[in-house]
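Take a look at the structure below.
Read the figures in this text as sums done on the coordinates, not as results from a lab. All figures in this text were calculated on a predicted structure; none of them were measured in a lab. For neighbour counting, all protein chains shown are included, and Cβ atoms are generated from backbone atoms with ideal geometry for every residue, glycine included.
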Amino acid sequence: MPQDALAKTGVTIRPADAGDAVAGVQPTWVALPESTEEVAALLRVAAEHDLAVTPVGGGTKLDWGPPPERCDLLVDLCCLNEVLEYAAGDLVVRVQAGITLEALNRHLAPQNQELALDIPVPGTTVGGLLATALCGPRRFRYGAPRDLIIGITVVLADGTIARSGGKVVKNVAGYDLGKLFTGSYGTLGVITEATFRLHPLPPHRRWVTTKTGPDLGALAVQLARSQTEPSAIELDWSSGSPDCTLALLFEGASAASRAAAIPITPQPETSDDPPTWWNRLPDGPTLLELRVPPGSVGTLVREVTSAPMTGHALRGSVASGVFHLAVPDTRRLPALRDRVEALGGRLIVLSGPDGGAGRWGTISALDLMRRVKARFDPDRRMSPGRFVGGI
Amino acid sequence: MVDQLTGRLREVLPDEAVITDPVRLRTYECDGLTYHRATPGVVVLPETAEQIAAVVRLCQEFQVPFVARGSGTGLSGGALPRSDGVLIVTSRMRRVLSVDLDARLAVVEPGVTNLAITEAVRDAGYYYAPDPSSQQICSIGGNVAENSGGAHCLKYGFTVNHVLAVELVTPDGDIVDLSAMDAGYDLLGAFIGSEGTLGIATKITVRLSRTPEAVTTMLAAFTTIEGGGRAVSAIIGAGIVPAAIEMMDALAIEAAEAAVKCEYPAGAGAVLVVELDGPETEVETQFAQVERICREADAFEIRVAASAEERAAIWKGRKSAFAAVGRISPAYIVQDGVVPRTALGEVLAGIDRLQEEFGIRVANVFHAGDGNLHPLVLFDDGVAGEGERAEIVSGRILDLCIEHGGSITGEHGVGVDKSRYMPRMFTDEDLDTMQLVRCAFDPGNLSNPGKVFPTPRLCGEVPVVRKGPHPFEAELL
Ligand SMILES: Cc1cc2nc3c(=O)[nH]c(=O)nc-3n(C[C@H](O)[C@H](O)[C@H](O)COP(=O)(O)OP(=O)(O)OC[C@H]3O[C@@H](n4cnc5c(N)ncnc54)[C@H](O)[C@@H]3O)c2cc1C
């Protein structure tokens with residue numbers, strides 16, 4: 001009996017309830033491991049008994065993506081929440097995957113350091129962040145989660161514990177499993193530990209906010225080109241409003257003077273605090289991620305804002321070309337995807353119904369991805385069906 | 001096998017693109033790591049991705065291994081050819097295909113040199129950030145394969161942080177795009193740094209960076225290496241991320257002086273090259289801090305470049321360091337280990353002990369900001385036994401790096417040179433798991449076999465791969 005075998009691992013197991021559902025699919029058990037070894041023990045049992053497994057962190061994005069084909073065991077990483085090693089002098093931290101980003105940054109703040117990733121969903125854990133590879137405004141300056149992870153520990157579907165990378169920033173020994181697992185939606189294995197490169201907390205931060213019309217392509221290019229080095233250039237717009245709001249963040253000793261120097265007339269507002277919408281996903285039944293080459297941002301914004309439907313809300317980086325769009329219904333998704341792909345971009349349905357449009361858009365390397373999945377999880381037990389092409 | 005294959009190669013490539021002349025073959029027998037040599041079975045010089053795909057498909061048909069080669073500057077034997085295989089050289093694929101400044105990207109062929117990308121966009125105020133010291137010659141395809149860094153990667157990151165898409169010929173001979181734009185696994189991230197073992201990059205989209213408003217370069221001289229080390233720690237501790245912090249010890253300075261007359265301050269036990277860049281106001285503030293920190297760490301001389309020429313003069317000694325040790329030693333090994341920055345002092349002391357124990361001199365040049373050491377292990381290949389002792393010292397240095405939680409390579413790659421050290425850093429499970437990726441891309445183990453991994457994993461049956469949408473997908477619509 002799987003239940004007995006699970007109990008024998010010594011890991012706390014409880015029966016699952018409706019609150020544990022993964023995109024509507026209720027698992028049978030929830031396990032609360034406290035170490036990488038315990039996760040491995042659980043996954044060995046799962047392999048023996050052909051249990052399908054979904055790892056969960058803060059549970060903030062469990063309704064994202066398509067439901068799993070099946071889910072017997074939810075591996076809840078909330079108890080793996082420690083900072084394992086923090087070398088402030090090396091600007092490196094190694095943590096367990098269940099720690100929340102908020103808790104991690106509280107740990108780092110006394111040394112005036114941070115993990116320079118903005119998390120648009122409060123309560124996100126390191127594991128959840130890595131699995132979904134979600135980014136916030138400062139991606140423009142510091143990169144995405146894959147750019148700051150330097151080491152990873154994972155447990156594969158058969159219980160194998162594997163590590164790659166290490167705890168030094170510069171390291172090219174072996175394949176980079178950290179990148180492979182970042183954005184893998186729990187379909188390759190369970191991320192149990194990660195090591196990150198940190199950044200010093202900037203001595204000052206200053207936001208500049210201004211209203212603009214939807215024809216902001218040239219302005220976006222000009223701002224992204226600016227040698228005043230903004231850390232983020234974000235847009236906020238919702239249906240019913242003729243204008244877009246642009247907000248720029250400057251960081252550093254001279255944040256205020258650089259903020260004052262940006263070439264926008266009339267003189268924009270500046271503040272030591274972010275606008276209320278900063279680093280928050282727009283709200284709506286279906287949430288899309290739109291990615292376009294930065295040169296096409298103007299066209300995208302113009303087209304989205306010129307045919308608004310009630311309940312449309314767009315937010316994102318005019319510098320990186322990554323936006324989130326909340327839509328009230330899915331009727332126009334196929335047409336919008338065609339447009340975005342014609343601009344050289346991609347439209348991804350992060351959460352909510354996709355209306356039959358499909359979630360992920362065109363993927364050139366889908367066949368290679370299926371082959372990777374088949375090697376890592378030949379029995380298709382890790383969050384099966386949750387990812388691209390039914391992976 | 002190779003002979004039969006060669007005939008078929010001539011069907012898919014123009015005659016002059018297939019090299020079999022033994023004298024010409026020999027020019028490809030090694031990369032920058034010259035003590036590993038092999039004459040390739042045959043060399044091809046393709047001009048298009050389609051030609052590379054055709055060559056790779058023939059290799060599959062004949063079950064012959066293939067190795068990609070860019071400019072051959074690699075320092076780990078990654079491009080070491082196989083005498084029973086095909087060497088695919090990208091030197092005829094040197095076009096910058098397009099530049100889009102609004103999108104801050106350029107699309108280039110794999111044989112384009114690193115510096116050529118910057119040269120194509122410099123006048124418009126942009127550059128390609130990763131800057132290996134070999135940038136005038138090394139190819140972007142080689143950079144992608146090695147995930148190359150450079151002096152400025154402390155602030156700006158490595159090749160993997162600046163490549164947005166790669167078109168590759170898979171080991172099956174298919175042409176596929178790996179793009180950061182696409183949803184799905186980050187195969188782009190896995191491919192970069194895979195040292196030619198997952199296929200051949202045929203087109204690369206790189207991110208262009210804006211030229212910083214201000215750049216300040218300074219040279220600080222210390223009587224001891226400890227002084228330099230203290231300054232580095234204090235700079236990082238102050239929350240400053242310079243574009244580069246490079247350090248050289250007395251022996252490396254001596255070599256650079258002999259080779260290029262860099263005129264670093266006399267009597268220095270260590271020099272530090274610190275470069276700050278960014279918005280003018282930011283650089284000014286940080287510069288004042290760095291200068292104060294260096295003085296507090298007992299720098300006895302500080303020079304600040306007042307012009308581009310003076311900046312070049314400061315960098316000259318550092319950039320020539322590898323070649324320069326040729327002036328003070330008949331032969332040398334370039335090592336490439338990494339340690340946590342805070343362990344630098346202990347590791348350098350350990351290297352000193354090794355020098356004494358084995359009677360071998362080591363000149364130290366390093367990217368101090370990120371703990372990437374390039375110890376140059378000097379020896380006389382005319383003296384019996386010295387080469388072997390130098391090899392031992394070189395290996396022990398890697399052990400020191402691993403003991404202190406570091407890595408056996410920060411930027412030069414594993415290649416053939418370091419595959420035997422991989423088990424010291426990783427467990428069998430780690431290595432087997434990495435090789436699952438290889439099995440997915442190259443189950444027949446034909447793409448640059450024998451590199452990176454000490455023992456190839458047998459890939460076994462190709463698992464059944466489900467094609468088409470997941471059955472539930474239709475129901476959910
Ligand atoms: C003096 C000197 C200084 C150096 N300084 C630095 C430095 O500062 N930082 C640094 O990181 N490196 C440095 N290097 C190492 C070297 O220049 C880099 O590794 C460089 O990226 C190699 O490029 P290449 O074109 O010469 O590649 P090669 O040597 O030709 O090949 C290197 C590897 O890449 C593979 N490869 C080549 N092209 C492709 C392709 N199109 N697709 C797939 N695989 C391919 C090969 O199979 C091989 O495994 C230095 C080397 C020298 C000689």
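Rounded if a/c is under 1.5, else prolate if a/b beats b/c, else oblate: with a ≥ b ≥ c from the C-alpha gyration tensor eigenvalues square-rooted, which is region B:2-89?
Note, shape of region B:2-89 comes out prolate.
Give a residue-ordered list of calculated ³J(HN,Hα) values for region B:68-73 (Karplus: 6.51 cos²θ - 1.76 cosθ + 1.60, θ = phi - 60°; whole Hz; x for Gly, Pro).
Karplus values, whole Hz, x for Gly and Pro: 8, 9, x, 9, x, 9.
Is region B:213-326 rounded, prolate or oblate when judged by the Cα gyration tensor, a ≥ b ≥ c being the square roots of its eigenvalues, rounded requiring a/c under 1.5 and prolate requiring a/b larger than b/c? Can you show the working numbers first?
Numbers: a/c = 2.09, a/b = 1.36, b/c = 1.54.
Taking the square roots of the gyration eigenvalues as a ≥ b ≥ c, region B:213-326 is oblate.
Please state the equivalent ellipsoid semi-axes for the protein assembly as shown: what are the square roots of 5 times the Cα gyration tensor eigenvalues, largest first, in whole Å?
40, 34, 28
How big is the equivalent ellipsoid of region B:96-210 along its three axes, where each semi-axis is √(5λ) from the Cα gyration tensor, reported in whole Å from largest to smallest?
Its equivalent ellipsoid spans semi-axes of 21, 15, 13 Å.
Could you compute the net charge surrounding A:ASP20? Neighbours are other residues with a C-beta less than 11 Å from the C-beta of A:ASP20; K and R count +1, D and E count -1.
Working: positive: A:ARG14; negative: A:ASP17, A:ASP76.
Local net charge: -1.
Looking at B:SER320, B:ALA331, B:ALA343, which one has the Cα that reaches farthest to the positive end of the dipole of region B:307-357 (charges on Cβ: Lys, Arg +1; Asp, Glu -1)?
B:SER320
Using amide H atoms built in the peptide plane, which far-off residues or other-chain residues are under 5 Å from A:THR286 H to H?
Those qualifying (amide H under 5 Å, at least 5 residues apart or on another chain) are A:VAL327.
Each residue of region A:225-233 in order: what ³J(HN,Hα) in whole Hz does its phi give by Karplus 6.51 cos²θ - 1.76 cosθ + 1.60, θ = phi - 60°, with x for Gly and Pro?
7, 4, 7, 6, 6, x, 7, 7, 9
Using alpha carbons only, how many degrees (0 to 90, rounded to 10) separate the axis of helix B:344-358 from the longest principal axis of chain B?
The angle comes out at about 90 degrees.
Peptide B:436-444: average number of partner chain Cβ atoms within 10 Å per residue? If you can, show how the numbers build up before the last one.
Working: counts 14, 9, 2, 5, 9, 4, 0, 2, 0.
Rounded to a whole number, the mean comes out at 5.
Report, in debye and to the nearest 20, how large the dipole of chain B comes out about its Cα centre when Lys and Arg carry +1 and Asp and Glu carry -1 on their Cβ.
Computed about the Cα centre, the dipole is about 540 debye.
Using the charge dipole of the protein assembly as shown (Lys, Arg: +1 at Cβ; Asp, Glu: -1 at Cβ; taken about the Cα centre), state which of B:GLY406, A:ALA307, B:ALA103 has its Cα farthest towards the positive end.
A:ALA307
In degrees, nearest 10, range 0 to 90: what is the angle between the Cα axis of helix B:386-403 and the longest Cα principal axis of chain B?
Computed tilt is about 90 degrees.
Quick one: grab the alpha carbon gyration tensor of region A:205-351, order the square roots of its eigenvalues as a ≥ b ≥ c, and give me rounded if a/c is under 1.5, else prolate or oblate depending on whether a/b is larger than b/c.
prolate
What does the highest-first list of A:79-89, A:98-108 look like by mean Cβ count within 10 Å?
Ranked from most to least packed, the peptides come out as A:98-108, A:79-89.
In square nanometres, what is one fourth of the surface area of the convex hull spanned by the alpha carbons of region A:170-283?
10.8 nm²
For each pair in A:LYS167/B:LYS451; A:LYS179/B:LYS203; A:LYS170/B:LYS316; A:LYS167/B:LYS203, compute the distance between the two Cα atoms and list the pairs where it is over 27 Å.
Working: A:LYS167/B:LYS451 24 Å; A:LYS179/B:LYS203 21 Å; A:LYS170/B:LYS316 24 Å; A:LYS167/B:LYS203 32 Å.
Table pairs above 27 Å Cα-Cα are A:LYS167/B:LYS203.
In the Gaussian network model of chain A, springs joining C-alpha atoms below 10 Å, which of A:THR36, A:THR209, A:THR276 carries the largest mean-square fluctuation?
Sorting by GNM fluctuation, first place goes to A:THR276.
What translational D, rounded to a whole number of µm²/s, comes out for region B:329-414 from Stokes-Einstein when the hydrodynamic radius is the Kirkwood one over Cα pairs, at 25 °C and 0.890 mPa s?
Translational D for this selection: 194 µm²/s.
Over all directions, average the projected area of the Cα convex hull of region B:30-188 and note it in nm².
Projected over every direction and averaged, the Cα hull of region B:30-188 covers 10.0 nm².
Could you state, as a whole-number percent, how many of the C-alpha pairs of region A:17-131 are farther apart than 25 Å?
I get 28 percent for the Cα pairs in region A:17-131 exceeding 25 Å.
Percent relative contact order of region B:325-477, based on C-alpha pairs within less than 8 angstrom and at least six residues apart?
Relative contact order comes out at 22 percent.
Taking the Cα atoms of chain B alone, what are Rg (to one decimal) and Dmax (as a whole number) in Å?
23.4, 77
Given C-alpha coordinates of chain A, what is the ratio Rg to Rh with the Kirkwood estimate of Rh?
That ratio is 0.98, to two decimals.
Take the alpha carbon atoms of region B:42-108, find their center, do the same for region A:207-279, and report the distance between the two centers in whole angstrom.
When both Cα centres are located, 43 Å separates them.
Over chain B, calculate the relative contact order: mean separation of alpha carbon pairs under 8 Å at least 6 apart, over the residue count, as a percent.
About 14 percent, as a whole number.
Sort B:219-230, B:311-322, B:350-361 by packing, meaning the average of other beta carbons within 10 Å per residue, with the highest value first. Please report the intermediate quantities before stating the final value.
Values: B:219-230: 21.9, B:311-322: 20.4, B:350-361: 15.7.
Final packing ranking: B:219-230, B:311-322, B:350-361.
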